[in-house]
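These notes are about the structure you will find just below.
The values are calculated or read from the model by the stated rules, or taken from the named source; none is laboratory data. In this text, all values refer to a predicted model and were calculated from it rather than measured experimentally. Methodologically, a virtual Cβ is constructed for each residue, glycine included, from the backbone with ideal geometry; neighbour enumeration extends over all protein chains shown.
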Amino acid sequence: MKVFDCPVIGPRPISEFDYIGEVRRPPMDADEPTWAAYVFNRQGAPGLLREWWYHRPTGRWYVMERDTLKDEVVRFIDLEEVRYDIPA
Amino acid sequence: MTSRLDPQPLEWLDRSETLSFEFEGLAFTGFAGDSISSALLASNQTLLGRSFKYHRPRGAVTLANHDVNALFQSSEEPNIRGDVTPLAAGMSLTACNVNGSLEKDKDQIIGKLSRFLPVGFYYKSFHKPKKLFPMWERVIREKAGLGTIDTRWDARRKAKTYGFCDLLVVGAGASGMQAALTAAEQGLDVVLADENPHIGGSLDYQLANDDSAAPIRTALKQKVQSHANIRVLPGHLACGWYTDHYVPLLGPEGIVKMRARAVISATGVMEQPAVFRNNDLPGVMMASGAQRLVARYAVKPGQRAVVLTANSEGYRAALDMLAAGVEVAAVVDMGKADSRGRWADELKSKNVSVLEGHAVYEAKGKDKLKQVVVAPFDGSACNLKLAREIDADLLLMSVGWAPAAQLLYQAGSRLAYDSTLEQILPQELPSGIFACGRLNGAFTLDQRLADGERAGTEAAAFLKDQPLPAEQTDCRDTEAHSHPWPIVDHPKGKNFVDYDEDLQLKDLVNAAKEGFDNIELMKRFSTVGMGPSQGKHANMNGIRVLAAVTGRTIDQTGSTTARPMFHPVPVQALAGRRFRAERLTAMHQWHLDNGAQMMEAGAWLRPEFYGRQEERAQAILREVQAVRTGLGLIDVSTLGKIEVMGPDAGKLLDGAYTMRMSNIKQDMTRYALMVDESGVIVDDGIAARVAEDRFYVSATTSHADATFRTLSRHIVEWGLDVRLVNRTGTLAAMNLAGPHARKLLAPLTDIDLSEENFPYLGFKEGNLCGVPVRLIRVGFVGELGYEIHLPIESAQLVWNTLMNKGAEYGIRPFGVEAQRVLRLEKGHIIVGQDTDGLTNPFEANMPWAVPLKSKPWFTGKPSLALLKERCQRTLRGFMLPKGYSGELPKECHLLIDSGDIAGRITSIAYSPSLGRYIGLAMVDQPLAGSDRMYQVRVDSGALVPLEPCAIPFYDAEGERQTIDLTEVA
């Protein structure tokens, strides 16, 4: 079972985390094919992927950049980097 | 007569304790410390089992947990591995795979028919004619599989424990002990695990009589057992390697989930059989198997032995047999004896005949070895002109080794064939994985100790993040210990490559010729390596055969995947203790005391209804009527309850829910519908405005955690100033519903309940029965109703007060079933029951909850904008015809239109208010848009008509929800 070496709470087993998937940004005002591709397609090729992970015991969110070929976490992403504005 | 030897120096036996047991109805005895097989062999019971397919006689081969033809059956347990399972007093055992008795197995006839059962015959034979297949299936199921399970088993559970260490060393032989010591000396916290009940590994059986090994063995064992940094775990099987060095160790008390920072595999090698005719007769054994039998169990394996060898170990085994009083008729060396070292010299000095350049062509005997046919061997075939027979009841095979590299493979190591050693060896090991010992090609004791030290040093440097020593010692041997082709063909076959599945040499050759010439294909077609031992003594020869047939190298041929577990692990150990958390509401005990039948709802237990199981229907009916005409009280504590606070609280909810939440007026609530990005409904609840910067949101029982999670992620990704508190567990909730609700509550609360001050969908904070509460005017069940949210500490007090004071209005507690009927009469959906993983709000009849024009954005909005005009189905109401008395449709029964599926029933119940069966169905277009009758196919296959009708079924104008109590008083 994988262990994440969290910068805040130290090494924790993956069973404490929920995997939410790739970090994505909805394409606002997209045409139909673009929107459909966003909703239904996921980046599946092995390589670097930014992923949402939720640590249930603490309710804390992490974005990790993971090499999905080697299953290695390359770095933890500053959450500021994944922010986007929604139309209000 | 017994084959038990005088006490051996390292034997595992406790001769002070004699154990009696039964096998095949006969009485036997053994000693404490015996395995089942060793006790039987000590009593000269050499026939231990029957083979899987041909029911051939089989005996002991390895004594190392690979003897899968010596499986035993007790009344409680099937497939007991006799070679490693400790003997226990009073055991009553039979052989596993026999038709009749072990001695007179009626299925031996199958062996005679073997030429009509070629490789792959299962796939070729039984599928036609098709109508005969059920008959064949019964026959195959009867013949296939081993052992009998007692389905009235008692659950025996073993708790799992968690272990942690710096370094896990698997295998406590010479190199493993040395590696553990070296690392422990560097200050590391080391666990040394071995599947055997005693440490020592091959030092204790292969080198048991080697004088030079004795002081090393004593010193190593003493040092590892007394070292403060080493925890020695004998009797612990490393089941498999999992990510980040997580290795479950199966021990006598259950599984220890060991988390290490690095792993050394010192798991050694597994001896491989030679392939010749009748190489499966009882009396034909691995040399190491015979050595185990002597050293561990003090059992003399036979009277007169032939030793077939291709390495120095065979000579060591011959010496050990002599020491055990076995006459050694001949050593048959497939190569030259002069390269076999000091053991060969020692043997020759004892005047044992050595036949160089010879192989065993055939073993003879009926149920037991009688003669061995040997002949000159040129590396690929025997010269039969010079063949001769030697009388023997024991034939030892010492022709090669395969690495026990399963853990290395699982960790992602690369291994490659080494043509010097004629063995597969580790080439590249992943980070934190190390290998040493015979697994790594170190064969002499000196090499093994040096290799253990090297691995321990490297592991310590890795764990301390220090550079590796510049000088890399190569501890690998330069002599081959395996024969590249220990295989002899025979026109009459029965030369087995795989004992588990009775696969002969020709079966693999034929599989390759039929085109299954990829190792993974060959495995699946021929089933080589798929039996209980998982190819531990079949895969290496299988690969050699396939490489030869296809003209490829061993590396080009490849190897099959080595999946966990290494040995079978009992399900009771994997299951551990049952751990399934059940969440109980504050009123749980009251529900039980008042006759509630509880049901699971997500992780929660909720009252289904109150009353006896036999009176289920009447009980639900009474509860429904109480709500409609008097008062009902339901525990809804299981709802998700989330506090949303902060300046951006409204913005968060606007983005996360379909409808606008930021403009809810103070002290009002709004239906909260959540969809995902594809527009599918995932949750619903209500959102209440508590203050300008504060909302209180409810969620469905089973989706509460996910909703909390989604909201918390949106805070992060939208950069909002919001705090969330999940109050699901700390707040209780109950719904007081019925026309008398206001009348009951008014004298108990300081909140003004008047319609003007507290209208439908209103929200108020105040006191009830003297404790702080939140009240919400809700309408889920379709009557005047107040949802009361309050801290769990005061919930029972309020519940009791309402039940007591409500008695005059005929108050009843009601459960989930009554609530389902009540809401169905109102046409309210339950997310997950009336919707599925594809249902959008338009299909669920809720276009009013999707403000496409007035809201610029919410999760799923672009999808819903596209879906609005493209709905392929719609949720519709229906009733069964008046007076219908036939078979009742059920939820999930299919609607049929012109012979095609046209939808399904999502909810159906008897409505006491209407006196008819009503329901909801997800109906495909165009049927949904028509006013035709629906037809539903019930269990019997009959079609039952349904009358489409408008929703809600009851009180369409919603007058009941604002009912003035004076009117009903």
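Structural remarks
- Hits in the stretch A:59-76 (condition: within 11 Å of another protein chain (Cβ to nearest Cβ) and touching a residue at least 40 places away in the same chain (Cβ under 8 Å)): A:Arg60, A:Tyr62, A:Val63, A:Asp71, A:Val73
- A:Phe40 passes every criterion in (1) surrounded by 13 or more Cβ atoms within 10 Å (Cβ to Cβ); (2) facing another protein chain (nearest Cβ under 8 Å) apart from (1).
- Unique match (being modelled with pLDDT of 95 or more and out of contact with any Pro (no Cβ under 7 Å at 6 or more places or on another chain)) among B:Phe525, B:Phe496, B:Phe516: B:Phe496
- Scanning the stretch B:898-933 for residues that are within 22 Å of B:His828 (Cα to Cα), touching a Pro at 6+ places or on another chain (Cβ under 8 Å) and assigned to a loop (DSSP other than H, G, I, E, B) turns up just one, B:Asp931.
- Of all residues in the stretch B:747-789 being farther than 21 Å from B:Gln819 by Cβ and among the hydroxyl-bearing types (Ser, Thr, Tyr), the one that is surrounded by the most Cβ atoms within 10 Å (Cβ to Cβ): B:Thr749
- Across the stretch B:530-551, a minimum of one residue is classified as out of contact with any Phe, Trp or Tyr (no Cβ under 9 Å at 6 or more places or on another chain), over 18 Å from B:Glu271 (Cβ atoms) and of a type in the set (Ser, Thr, Tyr).
- Hits in the stretch B:603-658 - residues which are in a loop (DSSP other than H, G, I, E, B), free of Cβ contacts under 8 Å to residues at least 40 places away in the same chain and not aliphatic (A, V, I, L, M): B:Gly611, B:Arg612
- Within the stretch B:860-884, considering residues that are away from chain A (no Cβ under 12 Å) and small (Gly, Ala, Ser), the one nearest to B:Gly915 (Cα to Cα): B:Gly883
- Every pair of residues 6+ apart whose Cβ atoms lie under 8 Å, when the first sits in the stretch A:19-44 and is aliphatic (A, V, I, L, M) and at pLDDT 95 or above while the second is surrounded by 11 or more Cβ atoms within 10 Å (Cβ to Cβ) and assigned to a loop (DSSP other than H, G, I, E, B): A:Val39/B:Glu677; A:Val39/B:Ser678
- Criterion: over 23 Å from B:Lys364 (Cβ atoms) and either outside the structural domain of B:Ala180 (by TED's automatic domain parsing) or in contact with a helix residue (DSSP H, G or I) (Cβ under 6 Å, 6 or more places away or on another chain) (or both) - qualifying residue of B:Gly254, B:Gly289, B:Gly235, B:Gly283: B:Gly254
- Number of the exception - B:Asp211 against (1) part of a helix (DSSP H, G or I); (2) without any contact (Cβ under 8 Å) to a residue 12 or more places away in the chain: (1)
- Residue that is nearest to A:Arg12 (Cα to Cα), among those in the stretch B:225-254 that are within 13 Å of another protein chain (Cβ to nearest Cβ) and in a strand (DSSP E or B): B:Tyr246
- Among residues of the stretch B:629-654, those that are polar (S, T, N, Q) and in contact with a Phe, Trp or Tyr (Cβ under 9 Å, 6 or more places away or on another chain), counted: 2
- Options B:Gln178, B:Gln222, B:Gln206: the member that is within 24 Å of B:Lys464 (Cα to Cα) and of a type outside the set (A, V, I, L, M): B:Gln178
- Sub-6 Å Cβ pairs linking a first residue in the stretch B:535-556 that is in the same structural domain as B:Gly515 (by TED's automatic domain parsing) and touching a residue at least 40 places away in the same chain (Cβ under 8 Å) to a second residue that is among the acidic types (Asp, Glu) and not in a loop (DSSP other than H, G, I, E, B), at least 6 apart or interchain, are B:Ala538/B:Asp498, ordered by first then second residue.
- B:Arg694, sole failed condition from (1) within 14 Å of chain A (Cβ to nearest Cβ); (2) farther than 20 Å from B:Ile830 by Cα: (1)
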